[in-house]
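S.K.: Starting off with a structure, shown below.
The values are calculated or read from the model by the stated rules, or taken from the named source; none is laboratory data. As the structure is a computational prediction, the values presented were derived from the model and not from experiment. Cβ placement follows ideal geometry from the backbone for every residue including glycine, while neighbour counts extend to all protein chains displayed.
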There are 2 protein chains.
Amino acid sequence: MARIALDAMGGDHAPAAPVAAALLLLHEIGSAHQLQLVGRTAVIREQLSTQLAAAPASLVEAATRLEIVEAPDVVEMSDKPSVAVRGKPNSSMTVGIKLQAEGKSDAFVSAGNTGAQMAASTVFLRLHEGLSRPAISTVFPTAKQPVVVLDSGANVDCSAAELVQFARLGHVYARDILGRENPAVGLLSVGEEPEKGNAAVKEAHQLLLGAGLNFIGNVEGRDIPAGACDRGPIDVVVCDGFTGNVLLKFYESVAPMLFGMMMKNGVTKEQIGALVHSLDYAKYGGAPLLGVKGVSIICHGKSSPEAIKNGVLAGIRAVESRMSHHIGEQLAK
Amino acid sequence: MARIALDAMGGDHAPAAPVAAALLLLHEIGSAHQLQLVGRTAVIREQLSTQLAAAPASLVEAATRLEIVEAPDVVEMSDKPSVAVRGKPNSSMTVGIKLQAEGKSDAFVSAGNTGAQMAASTVFLRLHEGLSRPAISTVFPTAKQPVVVLDSGANVDCSAAELVQFARLGHVYARDILGRENPAVGLLSVGEEPEKGNAAVKEAHQLLLGAGLNFIGNVEGRDIPAGACDRGPIDVVVCDGFTGNVLLKFYESVAPMLFGMMMKNGVTKEQIGALVHSLDYAKYGGAPLLGVKGVSIICHGKSSPEAIKNGVLAGIRAVESRMSHHIGEQLAK
C-alpha cells in the first residue's frame, strides 16, 4: 500500500482541484492506497463538504478514508523557491514533503510552485549520490508512443557527465513509470553523426556508448514529434535543461497556433477538440522530480482534477515500482 | 541592377529546379536584373531547351538574356564542406561564389550542399571584422508576422559576445530583407527575467542592454509560435546554433505530425492544404548566410522552382538594400 501526500493548497485551482482529484481517486484506487490531503484542515473540510453535498452515500462513506494533515501556511505561486524551505516551514508543501523524510508517507504530489517544490524536495528528501540537482522529465505526445524528454528545465548549464545522468534517470523513469522494456535512449543533437553537437553533447555521446544503456545515438529535433528516428522508436530524449525548456514551451504553444489557423480554414471545434484531447499533457500525469531520494511529483499549476489524479497515479506507480531505489542503483553503475 | 549567380547544379532537383526558377524570374524581374546560371553549359542548355520547348515566343526571347557561366564540376550533397573549397575548385558553387570576389556578380544563390556553401562563402568572400563564423537565419511562420531565428545551425557553442553579434546580424536582416522598422530583438531563454538562462545567455542579456538595438529582453519558447511576447511583437529571436537547429527541425516536423492526427479526426486534405501553404517556408525564400562580405543565399536542398525563385528575390533585396554593407557598419558599433 502506497501512502500519497497530496498538496491541497497547491495550484491555480486549489483547494477545489486537489480535493476533487482525491474524490476521483477514491473510486479508482479504493482502499488499496492511502491518500493524505495536506493543508489547512478547515479549508479542506469545507471543500469536502461542498463537493460531497450532492454525492452518493458510498462516496461520502469512502471520503472518511481520506487522511487530513494540518499545515497552516501556503506557498504562493509567486514565492521564491527558498520560501518553501526556510520562510514557511509549516506550509503544505514543506509539511507534505517532510512526511516522507519522517517515514510517514511514500510520495508527494503538488500542482503548486514548481521552484519551491524542487528546492524543498532537494533539501528535505536529499539527492542520490553523484547528483548536484534533480532533473525534470516531460512526456511529449508524438505521432507514435509518448517520448520522455529530460532535463526540461532544472539544469540550464550541463556537463557531459550530467547528460549521462539524465540518460540514466530517463531510462529508469521510462521503464518504471511508462512500462517501456529496455528503453531506447537518444541524445539530442544537430545531426546523427557522433561528431555533431556542442562540446558537452559530443563528449556525452562517447560516454553513453559505454554506459550500459540502450543508447541509440544522436537524435534530432525532427525525431521528437515523429517519436522515432531511422533506427527505430525513441523512448527517452536527453538534452540540457535550457534546450529542453525551450522545446517544451515551444511545443505547448505551437499546437494552439496551428489550431487557430485551422479554424480559419473551416476546421470545426469538434474536430480540433478531439485532437487537443489526444495531445493533452494531463493524460500523462505529473512529472516526477528525478534524482531525489523519494517521490515528488510536479503537476502543472493549471492542472485540472483529472490531471492531478493522474499525478497521484504516477506517484503510486513510482512507489510500487521502487523507482527511486532503481535510480540509486542505476546512478551507481 | 543586381547580378545574381544561381547554382544550376545545386539541390535535390537540379538542374531542372534552378533552371525553372530562372525562367519564372524572367517574368518577374524583366531586364531589371541579370541572372547568371552557373554550371555545366551543355547540361544547362539542354534543360533550357526542354523547358522552353512549349513556351511562348516571348519567354524564349527573354531566355536569351540569361548568362551561362561554365563550371565543369559539381559539389555533391554528400561531399564534405572542404571539398568545395579545395577539392573541386571548378565546381558551380566555387565558381559562382568567386564571381563576387572578382567583382563580376553581386549575389550567389544555391540549393546545394549547405556546409560546402558556408565553407566556400567564408573562404572566398571572407567575413566581416570580428566574426569567427557566419550565422544562418531562418524565418519561422508564426500566428502573426514571420520571426527571424538565428543562429539556426552554424555555431553550436556560442559565447555571449557571439549572441550579441547574432542580434546585430538579425537586426540588419529583419530591416533590410523583411522591411521591419526598428526590429524588436528578443533573446531566447527559459524565463523573461534577466537572471534566467545559461551562463552565455545571462551575460548576453546584459551586453544587449547597451548594444543600441531595440532589445526587448528575454523571450521564451512559447513566444516564437505566437510571434509575440507580453511586451509586443517579436521580429528577431537570438539563440545559439544548437538550440536554433533543434527548434527548426522540431518545427518542420511537428506540423506534419499534427496534420496526420487531424486527418484521423476527419479534417480534409483541402483544409490542410491551405494551411500547409500558409506555413510554407519556401514563401520566405532562402536564408542569407549572415556575416560574409557579400551575399550568399542558402536554399533548402528540396527547394521547388518557386522556393529557389524566392531565394533569388531575397538575394536581390540583399543587394539593393546594401545588407552586407549595413552588417559591416552594425558590427563595428
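S.K.: Please go through region B:182-210 and give me each residue that is buried (at least 23 other Cβ atoms within 10 Å of the Cβ), within 11 Å of chain A (Cβ to nearest Cβ), within 17 Å of B:E162 (Cα to Cα) and among the aliphatic types (A, V, I, L, M), ordered by number.
M.R.: B:L188, B:V201
S.K.: Can you pull out the residues in region B:12-53 that are touching a residue at least 60 places away in the same chain (Cβ under 8 Å), farther than 20 Å from B:G112 by Cα and buried (at least 16 other Cβ atoms within 10 Å of the Cβ)?
M.R.: B:I29, B:H33
S.K.: Quickly run through region B:89-131 and pick out the residues that are assigned to a helix (DSSP H, G or I) and of a type in the set (K, R).
M.R.: Step one: of region B:89-131, the residues assigned to a helix (DSSP H, G or I) are B:92-101, B:114-125.
Answer for region B:89-131, where residues must be assigned to a helix (DSSP H, G or I) and of a type in the set (K, R): just B:K98.
S.K.: Out of the residues in region B:1-11 that are at pLDDT 95 or above and surrounded by fewer than 24 Cβ atoms within 10 Å (Cβ to Cβ), which is nearest to B:S91 (Cα to Cα)?
M.R.: Result: B:R3.
S.K.: Another question, then. With the requirement that a residue be under 16 Å from the mean Cα position of the chain (by Cα) and more than 23 Å from B:E320 (Cα to Cα), what does region B:121-147 give you?
M.R.: Pass one, region B:121-147, residues under 16 Å from the mean Cα position of the chain (by Cα): B:121-122, B:133-141, B:146-147.
Residues satisfying the conditions are B:R133, B:F140, B:P141.
S.K.: Go through B:A120, B:A116, B:A57 for me and flag whichever is in the same structural domain as B:A21 (by TED's automatic domain parsing) and within 23 Å of B:L24 (Cβ to Cβ). Lay out the reasoning, then the answer.
M.R.: Working: B:A120 fails: within 23 Å of B:L24 (Cβ to Cβ); B:A116 fails: within 23 Å of B:L24 (Cβ to Cβ).
Going through B:A120, B:A116, B:A57 in turn, the sole match is B:A57.
S.K.: State all residues of region A:126-136 that are modelled with pLDDT of 90 or more and not hydrophobic (A, V, I, L, M, F, W, C); if no residue qualifies, say none.
M.R.: Step one: list which residues in region A:126-136 are modelled with pLDDT of 90 or more, which gives A:126-129, A:131, A:134-136.
If the condition is that a residue be modelled with pLDDT of 90 or more and not hydrophobic (A, V, I, L, M, F, W, C), then A:R126, A:H128, A:E129, A:P134 are the ones that fit.
S.K.: Out of B:G244, B:G170, I need the residue that is within 13 Å of B:A135 (Cβ to Cβ), surrounded by 24 or more Cβ atoms within 10 Å (Cβ to Cβ), within 12 Å of another protein chain (Cβ to nearest Cβ) and modelled with pLDDT of 95 or more. Which one? Outline the logic, then answer.
M.R.: Values: B:G170 fails: within 12 Å of another protein chain (Cβ to nearest Cβ).
Only one candidate passes the filter, namely B:G244.
S.K.: Follow-up. With the requirement that a residue be under 19 Å from the mean Cα position of the chain (by Cα), of a type in the set (A, V, I, L, M) and either part of a strand (DSSP E or B) or under 18 Å from B:L52 (Cα atoms) (or both), what does region B:1-18 give you? Reasoning before the result, please.
M.R.: Initially, region B:1-18 is screened for residues under 19 Å from the mean Cα position of the chain (by Cα), giving B:2-14, B:17-18.
After this cut, where a residue has to be of a type in the set (A, V, I, L, M) as well, the list is B:2, B:4-6, B:8-9, B:14, B:17.
B:I4, B:A5, B:L6, B:A8, B:A14, B:A17, listed by residue number.
S.K.: Looking at B:I234, B:I327, which one is within 14 Å of chain A (Cβ to nearest Cβ), buried (at least 22 other Cβ atoms within 10 Å of the Cβ) and at pLDDT 95 or above?
M.R.: On the way: B:I327 fails: within 14 Å of chain A (Cβ to nearest Cβ).
Every option except B:I234 fails the conditions.
S.K.: Any idea which residue in region B:69-103 is nearest to B:M118 (Cα to Cα), counting only those that are out of contact with any strand residue (DSSP E or B) (no Cβ under 8 Å at 6 or more places or on another chain) and basic (K, R)?
M.R.: Taking the candidates together, the pick is B:K80.
S.K.: Quick one: how many residues across region A:211-225 are at the interface with chain B (Cβ under 8 Å from one of its Cβ atoms) and closer than 19 Å to A:E193 by Cβ? Before you say what the answer is, go through the steps one by one.
M.R.: First pass over region A:211-225, keeping only residues at the interface with chain B (Cβ under 8 Å from one of its Cβ atoms): A:220-225.
Applying the additional criterion that residues be closer than 19 Å to A:E193 by Cβ yields A:220-224.
Residues that pass the stated criteria total 5.
S.K.: Okay, next question. Can you tell me which residue is nearest to B:D223 (Cα to Cα) among those in region A:247-268 that are surrounded by fewer than 17 Cβ atoms within 10 Å (Cβ to Cβ) and small (G, A, S)?
M.R.: Out of the qualifying residues, it is A:G260.
S.K.: Hey, another quick one. Looking only at region A:106-133, which residues are of a type outside the set (A, V, I, L, M, F, W, C) and under 25 Å from A:D73 (Cα atoms)? Lay out the reasoning, then the answer.
M.R.: Looking only at region A:106-133, we keep the residues that are of a type outside the set (A, V, I, L, M, F, W, C), and these are A:106, A:110, A:112-115, A:117, A:121-122, A:126, A:128-130, A:132-133.
Answer for region A:106-133, where residues must be of a type outside the set (A, V, I, L, M, F, W, C) and under 25 Å from A:D73 (Cα atoms): A:D106, A:S110, A:G112, A:N113, A:T114, A:G115, A:Q117, A:S121, A:T122, A:R126.
S.K.: Given the conditions (1) modelled with pLDDT of 90 or more; (2) more than 17 Å from the chain's Cα centre (by Cα), which single one is not true for B:V109?
M.R.: Condition not satisfied by B:V109: (2).
S.K.: Yes or no: region A:140-158 includes at least one residue that is among the hydroxyl-bearing types (S, T, Y), more than 17 Å from A:V246 (Cα to Cα) and crowded, with 23+ Cβ neighbours inside 10 Å.
M.R.: No; the residues of region A:140-158 include none that is among the hydroxyl-bearing types (S, T, Y), more than 17 Å from A:V246 (Cα to Cα) and crowded, with 23+ Cβ neighbours inside 10 Å.
S.K.: Related question: Just to be sure before I move on: is A:A63 buried (at least 18 other Cβ atoms within 10 Å of the Cβ) and farther than 22 Å from A:I298 by Cα in the structure I sent? Give the derivation first.
M.R.: On the way: buried (at least 18 other Cβ atoms within 10 Å of the Cβ): yes; farther than 22 Å from A:I298 by Cα: yes.
Considered against the rule, which asks whether it is buried (at least 18 other Cβ atoms within 10 Å of the Cβ) and farther than 22 Å from A:I298 by Cα, A:A63 comes out as yes.
S.K.: So, of the residues in region B:59-88 that are part of a strand (DSSP E or B) and hydrophobic (A, V, I, L, M, F, W, C), which turns out to be farthest from B:F124 (Cα to Cα)?
M.R.: The first filter runs over region B:59-88 and keeps only residues part of a strand (DSSP E or B), leaving B:67-70, B:73.
Among the residues that remain, those that are also hydrophobic (A, V, I, L, M, F, W, C) are: B:68-69.
Values: B:I68: 21, B:V69: 18 Å.
Once the filter is applied, the top-ranked residue is B:I68.
S.K.: Another question, then. With respect to B:G260, is the statement that it is part of a helix (DSSP H, G or I) and either touching a Pro at 6+ places or on another chain (Cβ under 8 Å) or within 9 Å of another protein chain (Cβ to nearest Cβ) (or both) true? Walk me through how you get there before you give the answer.
M.R.: On the way: part of a helix (DSSP H, G or I): yes; either touching a Pro at 6+ places or on another chain (Cβ under 8 Å) or within 9 Å of another protein chain (Cβ to nearest Cβ) (or both): yes.
Yes; evaluated as a whole, the condition is true for this residue.
S.K.: Condition first: in a helix (DSSP H, G or I), among the β-branched types (V, I, T) and within 15 Å of the chain's Cα centre (by Cα). Can you find one or more residues in region A:289-312 that meet it?
M.R.: Checking region A:289-312: at least one residue is in a helix (DSSP H, G or I), among the β-branched types (V, I, T) and within 15 Å of the chain's Cα centre (by Cα).
S.K.: Would you check if A:L313 is of a type in the set (A, V, I, L, M, F, W, C) and under 24 Å from A:A160 (Cβ atoms)? Spell out the reasoning first.
M.R.: Numbers: of a type in the set (A, V, I, L, M, F, W, C): yes; under 24 Å from A:A160 (Cβ atoms): no.
No, not satisfied.
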